[in-house]
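The values are calculated or read from the model by the stated rules, or taken from the named source; none is laboratory data. Small disclaimer: the values here were computed from a predicted structure and weren't measured. No Cβ is skipped: glycine too gets one built from the backbone with ideal geometry, and neighbour counts run over all protein chains shown. Areas reflect the complete protein model, heavy atoms only, side chains present, ligands, DNA and RNA absent. Shrake-Rupley method; radii C 1.70, N 1.55, O 1.52, S 1.80 Å.
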Amino acid sequence: MATFLDLKNISKRFGGVQALTDVDLSLEAGEVHCLVGENGSGKSTLIKIISGVQPPEAGGTITIEGRSYTQLNPVESTRAGIQVIYQDLSLFPNLTVAENIAVGQHLGGFRSVDWTTIRKIAEAAMARINVYFDLDAKVEDLSIANRQLVAICRAMAADAKLVIMDEPTASLTRHEVDALLSLVRELKKKNICIVFVSHRLDEVLEVAERVTVLRDGKKVGTYDAKDVNDKKLAVLMTGKEFSYDLKETDLKSRKTVLSVKNLSRKGDFKNISFDLREGEILGITGLLGSGRTELALSLFGMNPPDEGEITLNDKPLALKSNREAIDNGIAYVSEDRLTLGLVLEQPIAANATVTILDKLKGAMGLIPLNAREATVDRWVKDLSIKVSNTANPVKTLSGGNQQRVVLAKWMATTPRVLILDSPTVGVDILAKDGIYEIVRGLAQKGVAVIMISDEIPEVLYHSHRILVMRNGRLTGEFEPHRSSEDQLRIAVNA
Amino acid sequence: MSHEPAYLSKGPDAALVRLIKGLTHDVTNRRLIILLVALVAVFGLLIGERFFSQATVQSMAFQLPELGILSLAMMITLVSGGLNLAIISTANLCALTMAYIMTSHVPGAEGFMWAGWQIIAIFAGLAVAAVIGLLNGFVIAYLGVSPILTTLGTMTMVKGIAIGMTRGNVLSGLPEPIVFIGNGTVYGIPTAMLVFAAVASPIAIMLGRTPTGAATYMIGSNEKATRYSGIDTKRVILRVYLISSLLAAVAGLVMMARFNSANASYAESYLLVTILAAVLGGVDPMGGFGKIAGLVLSLIILQVISSAFNLLNFSQFLTLAIWGTILVAVMAVPNIRKRLGFAD
Amino acid sequence: MHESRADLFQRLKRRHEFWLASVIAILVIFLSVATQGFLTLQNFFDLLTSYAFLGILAAGLLVVLISGGIDISFTATASIAQYITMLLANKYGLDWFSVFALAILVGVLLGAINAILIDRLQISSIIVSIATLNIFYGLLVFVTGGKYIYSLPSWFGKGIYWFEYVDADEISYGLNLQILALLVMFTITWLLLNRTNIGRQIYALGGNREAAQRLGFNVFRLNILVYCYMGLTAGVASLIQAQLAQSVAPTVLVGKELDVLAAVVLGGASLAGGVGTVLGTVLGLALLAIMQNGLILIGVSSYWSQFFVGLVILLSVSATALSARRKRKGNLVE
């Protein structure tokens, strides 16, 4: 196979931060290559350099099909056949499928639009990967998976020889992921090089040939995909060995806190029944679209069920709002920390106390001057959140610390039931352990925890009991010390 | 953690320290204070003693409240991530309602009925404002229409009602106590200024110290995340537009009192100036940020320019131009600093 | 093509323009039956003439809204363009071509100021245009002292008429300067938005600014173009307004900016950018014009017309929001 792209000694500094140090990377034509690394490991900087958005420091070379550059600009990069499909897909929702695919026709100086050519280009691009969409459909009316296909068509229309996909599977259902992976195999046959940038390692390893690991801006190494698995990659990415031992925990004697019976909601989930005991961590795992988040929202009063009952401490609950849920001691950590979990622009102190504003009220309905700060200081200490000033916007914190602020704002409500929906998304492997530790601590104090996640190891190693959810139903129950990752994976994907 | 002990201690000294700290620890306020001092110095040199005379200061205090109260009404909606274009038309319709009752029902002779009808008139004005505010709030919060479109509609509709009812005529000749609100003084302080202080302080407390205020800031940045935190964001938004409308009614009262008349299209040129004043005072036009202290500073700056230009016999239209220039300049400062490589 | 009639109807039903056109059709039928004066050629031409100023500005504002920005300084821009042009025309006796060239030049220059402030200083467009509205307007009235220009060059005062027709009451009407300018500006705007790559870039920019940047669109150039185009329309609109009013008054145009915004928004343009069509804007404007005209014809005092305009805006934006919400709910289920 011929080398398509060869990077040598690529470094990049942002102000005082060394984002990349002497990274070498070579990509073969027709290869599927995986680029992995923690947040801040330099993955996105490397992509920006390849796509010409950022120049590297002097001393590095970029060689594309034998031609060397010291740096690229976006136009050169595109002309050389490099296409990046960002996680947000960079499509224009208000334009048609045809225009989005053939958007390259719109670039450049003032001229009239040739609609016939645009349609031809779009049709040809769709034919190359065997998909068909209505050319006049607006992209905003397509599903996420179909939008992704449109983005791939756009790369095809631009004669891509290298397609870089940034977290392509993050918001796809398992079925859609399979379709994407088989498409990737097709592209490979056409001698196109595909680079996956992903954190869902197990999926990507199914199609990748080689894996390059980055850590702290340096290349750890490039490995044959056959020689690694996700556990080994985690060690390479973090430089730390992880081991969990699974013990049986007997919680039978504990009191039942939450009891769900035959809970159904049309289109979301059906006949959900389970009991949750004091101090128990109950893992619920299922794919995107299995109804897991909808179930969580129903328990949190934001998605009223059609049928069935929820009992909390032997009292039936009919929640009309999440406020009622909170007042009854139910807390919900959303899977979408950046838009639902936190108000990123606002101060840490404001975020951590937003759930208990009414409780802080003192004389004449006013919040005492230092009440919010004092509350926050306590949680900063308890959860060891690394904060220089609680008046800073919460967006100035790292992912792990942000998630601790989310936990703080819910712990402030002294919940009896804590629902965690994908609690470690976008959190580094090292910081994940800190979150698990907090959750374990809470359980030891008697809080009943529901941990929803599609990461099998997360539920396997950190819960007392695991329920599998599929197509809106609970389809299996597992005890961690008697189960393996593979068993669970089969149950989830069946 | 940077909580200074003085910040938290009690007593009048501490309150003063807190005020100064509160004013200066905020970057925008620091900038505004520097600007104000510079303006006062320049105008002082240009105009001389006359600029600092009691008459000048008092006339400033007479003029500021009108724009001030309207800007408050605009500001709280901006903080919540919205906008209220209907404040001027609300102020006018409320003023007309009050003026109508006062000119038609208040008996000539002073007495119980005389006072009673005036109070009824004021409450009637506030009631009209409440209806408009609830309509705005309902359409924005519960129907999910964007604030700019909603209030563009209600602005036109409310003004339409005012014109339709009055056929564009002026209602004038108000009772003595009402005129006093606009033109009288208490211990040398214009009554209108006292009204401004009387509405600005509770709003400051509301924004800074109550759950509703805290929620308003959060909603201004991210309504959805705030809702997920257990806050009834729709009710808060409804409340914000209700308060904004009531403030507009108070502004209408002050305007009516100052002109001794009411009309459907008074003060229309103030509409966009209120946004200018709020943004100059550090209110983020995208929502989530802004304090009363900054707004007050901004109002003082605008008033100082206006009064000084008046003394210098410059046209009031030049004042408008300078206001606009200052807004652009103040907004540009952080970007220019960033370009020059300063950390803010 | 092979679309069945039901499909076509489904597609139409989702278009904002379809609903607007339906409302207008009902209004037109009702007014034609109920009143004498509505369905006459003269009324039609009168309406076009008197709404041309608003319409031309609406075309410019539509382009700005599609790009994801907003401009409310255009009334001040128009006032300045009008004043400078007529001042010079009186002094140097210009001709049609040069007055339009001059007014457009002034408009474009002031538009460029907006674009530069918005793009280079990264201040939101609404704040910039509020500031420049005050700056432009304040300086104009300061410099001119607010004085009207009553005497316009006689050739300008006479205007342009094609197909002039004098009816029995000796009232003349026909294709005049206002109507011509309105048609030309709507046509140019439509061509720009639908037939040039720059127009499509403007839609794309409004739809997803970040993606546009990533794909290598020249965002600065687009901003310059959009705000200068707004200035251009302000220049053209200012002259036909001066011709109609037979005078130039520096203080009468400012204050109409929100009326123009209302027309464009009624036409379905979104303040969030990326959405809006020339047809929609024409229909939005037509709805406002026909409604106000109709109210007077059926004997409602003109004092109440503004109330109805407000009511229609409020109902229209609420209906749009409700149907968008229903659409979203539908998506959730599938």
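Of the conditions (1) under 25 Å from residue A:491 (Cβ atoms); (2) in contact with a Lys or Arg (Cβ under 7 Å, 6 or more places away or on another chain); (3) open to solvent by 80 Å² or more (accessible area, probe 1.4 Å), residue A:248 clears all except one; give me its number.
The failed condition is (2).
Would you pick out the residues in region C:222-248 that are at pLDDT 95 or above and open to solvent by 40 Å² or more (accessible area, probe 1.4 Å)?
C:224, C:225, C:232
Does residue A:128 count as open to solvent by 30 Å² or more (accessible area, probe 1.4 Å) and in contact (Cβ under 8 Å) with a residue 60 or more places away in the chain? Reasoning before the result, please.
Details: open to solvent by 30 Å² or more (accessible area, probe 1.4 Å): yes; in contact (Cβ under 8 Å) with a residue 60 or more places away in the chain: yes.
So residue A:128 fits the description; yes.
What number of residues within region A:7-30 are open to solvent by less than 10 Å² (accessible area, probe 1.4 Å) and in contact with a Phe, Trp or Tyr (Cβ under 8 Å, 6 or more places away or on another chain)?
Here the count works out to 1.
Of everything in region A:49-77, what is modelled with pLDDT of 90 or more, within 30 Å of residue A:235 (Cβ to Cβ) and open to solvent by 30 Å² or more (accessible area, probe 1.4 Å)? Give them in sequence order.
A:57
Is it fair to say residue C:269 is more than 13 Å from every other protein chain (Cβ to nearest Cβ), in contact (Cβ under 8 Å) with a residue 24 or more places away in the chain, crowded, with 24+ Cβ neighbours inside 10 Å and of a type in the set (Gly, Ala, Ser)? Can you show your working first?
Values: more than 13 Å from every other protein chain (Cβ to nearest Cβ): no; in contact (Cβ under 8 Å) with a residue 24 or more places away in the chain: yes; crowded, with 24+ Cβ neighbours inside 10 Å: yes; of a type in the set (Gly, Ala, Ser): yes.
It is false that residue C:269 is more than 13 Å from every other protein chain (Cβ to nearest Cβ), in contact (Cβ under 8 Å) with a residue 24 or more places away in the chain, crowded, with 24+ Cβ neighbours inside 10 Å and of a type in the set (Gly, Ala, Ser).
State yes or no: is residue C:36 more than 18 Å from the chain's Cα centre (by Cα), more than 12 Å from every other protein chain (Cβ to nearest Cβ) and not in a helix (DSSP H, G or I)?
yes
Any chance you could count how many residues in region C:197-218 are more than 8 Å from every other protein chain (Cβ to nearest Cβ) and either acidic (Asp, Glu) or surrounded by fewer than 23 Cβ atoms within 10 Å (Cβ to Cβ) (or both)?
Within region C:197-218, residues that are more than 8 Å from every other protein chain (Cβ to nearest Cβ) and either acidic (Asp, Glu) or surrounded by fewer than 23 Cβ atoms within 10 Å (Cβ to Cβ) (or both) number 3.
If you scan region C:292-311, which residues turn out to be within 21 Å of residue C:35 (Cα to Cα), in a helix (DSSP H, G or I) and within 12 Å of chain B (Cβ to nearest Cβ)? Give the derivation first.
Residues of region C:292-311 that are within 21 Å of residue C:35 (Cα to Cα), as a first pass: C:292-306, C:308-309.
This time we only want the ones that are in a helix (DSSP H, G or I), so: C:292-297, C:302-306, C:308-309.
Residues satisfying the conditions are C:292, C:295, C:302, C:303, C:304, C:305, C:306, C:308, C:309.
Answer with yes or no whether residue A:288 is crowded, with 22+ Cβ neighbours inside 10 Å and either out of contact with any Gly (no Cβ under 6 Å at 6 or more places or on another chain) or not in a strand (DSSP E or B) (or both).
Numbers: crowded, with 22+ Cβ neighbours inside 10 Å: no; either out of contact with any Gly (no Cβ under 6 Å at 6 or more places or on another chain) or not in a strand (DSSP E or B) (or both): yes.
So residue A:288 fails the test.
Being buried (at least 19 other Cβ atoms within 10 Å of the Cβ) and in a loop (DSSP other than H, G, I, E, B), is that true of even one residue in region A:212-227?
yes
Could you please let me know if residue C:255 is free of Cβ contacts under 8 Å to residues at least 24 places away in the same chain, on the phi > 0 side of the Ramachandran plot and open to solvent by 20 Å² or more (accessible area, probe 1.4 Å)? Explain how you work it out, then say what you get.
Numbers: free of Cβ contacts under 8 Å to residues at least 24 places away in the same chain: no; on the phi > 0 side of the Ramachandran plot: yes; open to solvent by 20 Å² or more (accessible area, probe 1.4 Å): yes.
No.
So which helices (runs of 4 or more DSSP H) stay within region A:347-424 end to end and still have 1 or more residues that are over 25 Å from the mean Cα position of the chain (by Cα), buried (at least 21 other Cβ atoms within 10 Å of the Cβ) and within 12 Å of chain B (Cβ to nearest Cβ)? Give the steps one after another, and end with the answer.
Numbers: elements: A:348-353, A:357-360, A:371-382, A:399-411.
Per the criteria, A:348-353, A:357-360, A:371-382.
Out of all the residues in region B:158-167, is one or more in contact with a strand residue (DSSP E or B) (Cβ under 9 Å, 6 or more places away or on another chain), more than 9 Å from chain C (Cβ to nearest Cβ) and open to solvent by 10 Å² or more (accessible area, probe 1.4 Å)?
Looking for residues that are in contact with a strand residue (DSSP E or B) (Cβ under 9 Å, 6 or more places away or on another chain), more than 9 Å from chain C (Cβ to nearest Cβ) and open to solvent by 10 Å² or more (accessible area, probe 1.4 Å), one finds none in region B:158-167, hence no.
Could you go through region C:91-112 and let me know if any residue there is in contact with a helix residue (DSSP H, G or I) (Cβ under 6 Å, 6 or more places away or on another chain), buried (at least 17 other Cβ atoms within 10 Å of the Cβ) and within 14 Å of chain B (Cβ to nearest Cβ). Talk me through it step by step, then tell me what you get.
Applying the first criterion (in contact with a helix residue (DSSP H, G or I) (Cβ under 6 Å, 6 or more places away or on another chain)) to region C:91-112 yields C:99, C:102-104, C:106-108, C:110-112.
Adding the requirement that they be buried (at least 17 other Cβ atoms within 10 Å of the Cβ) leaves C:99, C:102-104, C:106-108, C:110-111.
Now restrict to residues that are within 14 Å of chain B (Cβ to nearest Cβ): C:110.
Yes; the residues of region C:91-112 include at least one that is in contact with a helix residue (DSSP H, G or I) (Cβ under 6 Å, 6 or more places away or on another chain), buried (at least 17 other Cβ atoms within 10 Å of the Cβ) and within 14 Å of chain B (Cβ to nearest Cβ).
Between a residue in region C:210-239 that is closer than 30 Å to residue C:52 by Cα and any residue that is assigned to a loop (DSSP other than H, G, I, E, B), which pairs come within a Cβ distance under 7 Å, given they are 6 or more apart or on different chains?
Taking only residues 6 or more apart or on different chains, the pairs are C:222/C:67; C:226/C:67; C:226/C:69; C:227/C:71; C:230/C:71.
With respect to the numbered conditions (1) open to solvent by 40 Å² or more (accessible area, probe 1.4 Å); (2) at the interface with another protein chain (Cβ under 10 Å from one of its Cβ atoms); (3) at pLDDT below 95, which one is the sole condition not fulfilled by residue C:169?
(2)
State all residues of region B:286-328 that are facing chain C (nearest Cβ under 9 Å) and either touching a residue at least 60 places away in the same chain (Cβ under 8 Å) or open to solvent by less than 60 Å² (accessible area, probe 1.4 Å) (or both); if no residue qualifies, say none. Spell out how you get there, then give the answer.
Taking region B:286-328 first, the residues facing chain C (nearest Cβ under 9 Å) are B:286, B:314-328.
Across region B:286-328, the qualifying residues are B:286, B:315, B:318, B:319, B:320, B:321, B:322, B:323, B:324, B:326, B:327, B:328.
Go through (1) more than 8 Å from chain C (Cβ to nearest Cβ); (2) touching a Pro at 6+ places or on another chain (Cβ under 9 Å) one by one and return the number of the condition residue A:80 breaks.
(2)
For region C:174-192, indicate whether the set of residues that are open to solvent by 10 Å² or more (accessible area, probe 1.4 Å), in contact with a helix residue (DSSP H, G or I) (Cβ under 6 Å, 6 or more places away or on another chain) and within 14 Å of chain A (Cβ to nearest Cβ) is non-empty.
Yes, because at least one residue in region C:174-192 is open to solvent by 10 Å² or more (accessible area, probe 1.4 Å), in contact with a helix residue (DSSP H, G or I) (Cβ under 6 Å, 6 or more places away or on another chain) and within 14 Å of chain A (Cβ to nearest Cβ).
Among the candidates B:252, B:208, which residue alone is assigned to a helix (DSSP H, G or I), facing chain A (nearest Cβ under 9 Å), under 19 Å from the mean Cα position of the chain (by Cα) and within 30 Å of residue B:58 (Cβ to Cβ)? Working first, answer last.
Numbers: B:252 fails: facing chain A (nearest Cβ under 9 Å).
Checking each option against the conditions leaves just B:208.
Which of the residues spanning region C:113-138 are more than 16 Å from residue B:320 (Cβ to Cβ), assigned to a helix (DSSP H, G or I) and facing another protein chain (nearest Cβ under 7 Å)? So that I can check it myself, show each step before the final result.
Keep residues of region C:113-138 that are more than 16 Å from residue B:320 (Cβ to Cβ), which gives C:113-126.
With assigned to a helix (DSSP H, G or I) added as a condition, the list becomes C:113-120, C:125-126.
C:117, C:126, listed by residue number.
Quick check on residue B:299: is it in contact with a Leu (Cβ under 7 Å, 6 or more places away or on another chain) and over 28 Å from residue A:342 (Cα atoms)? Can you show your working first?
On the way: in contact with a Leu (Cβ under 7 Å, 6 or more places away or on another chain): yes; over 28 Å from residue A:342 (Cα atoms): yes.
Spelling it out, residue B:299 is indeed in contact with a Leu (Cβ under 7 Å, 6 or more places away or on another chain) and over 28 Å from residue A:342 (Cα atoms).
For region C:139-166, which residues satisfy the criterion of being within 14 Å of chain B (Cβ to nearest Cβ), out of contact with any Phe, Trp or Tyr (no Cβ under 8 Å at 6 or more places or on another chain) and of a type in the set (A, V, I, L, M, F, W, C)? Reasoning before the result, please.
Pass one, region C:139-166, residues within 14 Å of chain B (Cβ to nearest Cβ): C:139-147.
Then drop every residue that is not out of contact with any Phe, Trp or Tyr (no Cβ under 8 Å at 6 or more places or on another chain), which leaves C:143, C:145, C:147.
Passing the criteria: only C:143.
Taking residue B:279, is it open to solvent by 30 Å² or more (accessible area, probe 1.4 Å) and either touching a residue at least 60 places away in the same chain (Cβ under 8 Å) or within 18 Å of the chain's Cα centre (by Cα) (or both)?
Working: open to solvent by 30 Å² or more (accessible area, probe 1.4 Å): no; either touching a residue at least 60 places away in the same chain (Cβ under 8 Å) or within 18 Å of the chain's Cα centre (by Cα) (or both): yes.
Spelling it out, it is not the case that residue B:279 is open to solvent by 30 Å² or more (accessible area, probe 1.4 Å) and either touching a residue at least 60 places away in the same chain (Cβ under 8 Å) or within 18 Å of the chain's Cα centre (by Cα) (or both).
Could you tell me which residue of region A:315-335 is nearest to the other protein chains (Cβ to nearest Cβ), considering only residues that are open to solvent by 60 Å² or more (accessible area, probe 1.4 Å) and over 16 Å from residue A:298 (Cβ atoms)? Spell out how you get there, then give the answer.
Of the residues in region A:315-335, the ones open to solvent by 60 Å² or more (accessible area, probe 1.4 Å) are A:315-316, A:318, A:320, A:323-324, A:327, A:335.
Restricting the remaining residues to those that are over 16 Å from residue A:298 (Cβ atoms) gives A:315, A:327.
Values: A:315: 20, A:327: 8 Å.
Only one residue tops the list, namely A:327.
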